[in-house]
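Here is the structure we will look at.
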Amino acid sequence: MLNEVLQQIGQRNRFVLTSHARPDGDAIGSALACGQILRLLGKQAEVVLHDPVPRIYQPLPFADRVVQTDRVNGSYEAAIILECDSIQRTRLKGLENQFLINIDHHTSGRHFAQVNWIDPQAIATAEMVYRLAREAGVKISSEIATCLYTGLMTDTGSFMFKGTNERTFALARELALAGADPFQCARNIYFAHSTEKMRLLGAALSNLHREGPLAWIWVTRDQMEHSHAKEEDCEGIVNYALSIQDVEVAAFFREMPDGRYRVSLRSKGKLNVADIAERFGGGGHECASGCSMDGPLSIAVARMLALIRPAAPAE
């Protein structure tokens, strides 16, 4: 399917690129890198996202060129949607009538586009974008390498998630040789948290519950507002629950303005949390997935635990 993607790109000149709402490092890094690759191929490419680029990803090259909007406007010949299982996940209007190219590495990926390149063997969408560039004969600049390295680093949980292997480190090496600075990439992501996020983390950990190999935490809207936290400040909080010794599965419940709960699921590898998330209309990786659930909190937690408990590995 990579050849089909390249053929369709070759036949067109104007592209819009996007990814899922509330973009993470792989979504941002892959979209920014892919956009620049297209420009180097002589194409017009615009990255459009429903939500702002999170603060920790704003230092990335080309991030200042991202357009934030609710609707795609423009005369495009195709839309490239990265690491997304549907156009609905982008939360962008105006994609319905576009020629769609879908590039995704999730096991929950779906064939919703005219061209679907889905490779669950890829460790990150950034890996697929790297392969696209190499196959197209585009030189990986230091700026592209920085974007792709950030996507690779964040989607592997700093090279700790299941599936990380020798190919992962070989790609990281290639990106570093091309000009990505591993130290600076990590510093921007892991050593640049806001004070508000630290306060929110404290609130979340005050709600920590543990049941054998399972741990869960949550934050309410009141706690979000009291901490003056933004949505992006919730990223990564679930990992603190997972970091507990002998905990194999962790869940983080965040109350949204409409009373529903966004749930982040993490696993150390013995349980495929993507299967759990898909039961609630979500998806993702074996070790990192998410979904949304109806409230109230007690009901959402009970429904989630009812699925996880029978499948959770013994301590």
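Calculated mean residue ellipticity, 222 nm, the chain: -11000 deg cm²/dmol, from DSSP H runs (n ≥ 4) at -39500 (n - 2.57) each, averaged per residue and rounded to 500.
Within straight-line reach of K162, meaning a Cα separation under 14 Å, sit the following aspartates and glutamates at least 8 residues removed in sequence or on another chain: E248, E286. Axis angle, to the nearest 10 degrees, between helix 125-136 and the longest C-alpha principal axis of the chain: 10 degrees. Cβ under 9 Å from A124's Cβ, A124 left aside: what net charge do those residues give with Lys, Arg +1 and Asp, Glu -1? Once positives and negatives cancel, what remains is -4. Computed with every protein chain present, the accessible area of T220 is close to 40 Å² [probe 1.4 Å]. Rounded to the nearest 20, the Cβ-based charge dipole of the range 9-94 about its Cα centre (Lys and Arg +1, Asp and Glu -1) stands at 240 debye.
Rounded to the nearest 20 debye, the dipole size of the range 207-315 about its Cα centre is 220 debye, using +1 on the Cβ of Lys and Arg and -1 on the Cβ of Asp and Glu. Hey, what angle do you get for helix 297-311 against the long axis of the chain, alpha-carbon based, 0 to 90 degrees rounded to 10? That works out to roughly 80 degrees. For the range 48-178, which whole percent of the accessible surface, found with a 1.4 angstrom probe, sits on carbon and sulfur atoms? About 46 percent, which is the carbon plus sulfur part of the accessible surface. Here the chain is treated with +1 on each Lys and Arg Cβ and -1 on each Asp and Glu Cβ, and its dipole about the Cα centre works out to around 200 debye.
Could you pull out which residues in the range 255-289 have an amide N less than 16 Å from a spot 7 Å beyond the Cα of H226, following the Cα-Cβ vector? Hits in the range 255-289 for H226 at 16 Å: 255.
Loop-located chymotrypsin sites (Phe, Trp or Tyr not before Pro) in the range 170-217 (DSSP state not H, G, I, E or B) with no more than 13 neighbouring Cβ atoms inside 10 Å: F191. The distance between label points at I244 and L208 comes to 0.7 nm (points 7 Å beyond Cα on the Cα→Cβ vector). Along the charge dipole of the range 223-271, pointing to its positive end and built from +1/-1 on Cβ of Lys, Arg, Asp and Glu, which listed residue (L265, F252, V238) has its Cα farthest out? Going by the Cα projections, it comes out as L265. When the convex hull of its Cα atoms is viewed from all sides, the chain shows a mean projected area of 15.1 nm². Using a probe of 1.4 Å on the protein chains alone, the accessible area found for K43 is around 30 Å². For F99, project a label point 7 Å along Cα to C-beta. Then give me every residue of the range 56-76 with its amide nitrogen under 15 Å of that point. Within reach of a label on F99: 75-76.
Could you give the angle, 0 to 90 degrees to the nearest 10, between helix 25-40's Cα long axis and the longest principal axis of the Cα atoms of the chain? Once rounded, one gets 0 degrees.
A simple spin-label model places pseudo-atoms 7 Å from Cα toward Cβ; at S86 and L2 they are separated by 3.0 nm. Here the spin labels are modelled as points 7 Å beyond Cα on the Cα-Cβ line, and at D275 and E77 they lie 4.5 nm apart.
The values are calculated or read from the model by the stated rules, or taken from the named source; none is laboratory data. From a predicted model like this one, the values you see are computed outputs, not experimental measurements. Every residue, glycine among them, receives a Cβ derived from its backbone with ideal geometry; neighbour counts consider all protein chains shown. Just the protein is used for accessible areas: all its heavy atoms, side chains included, with ligands, DNA and RNA removed. Shrake-Rupley method; radii C 1.70, N 1.55, O 1.52, S 1.80 Å.
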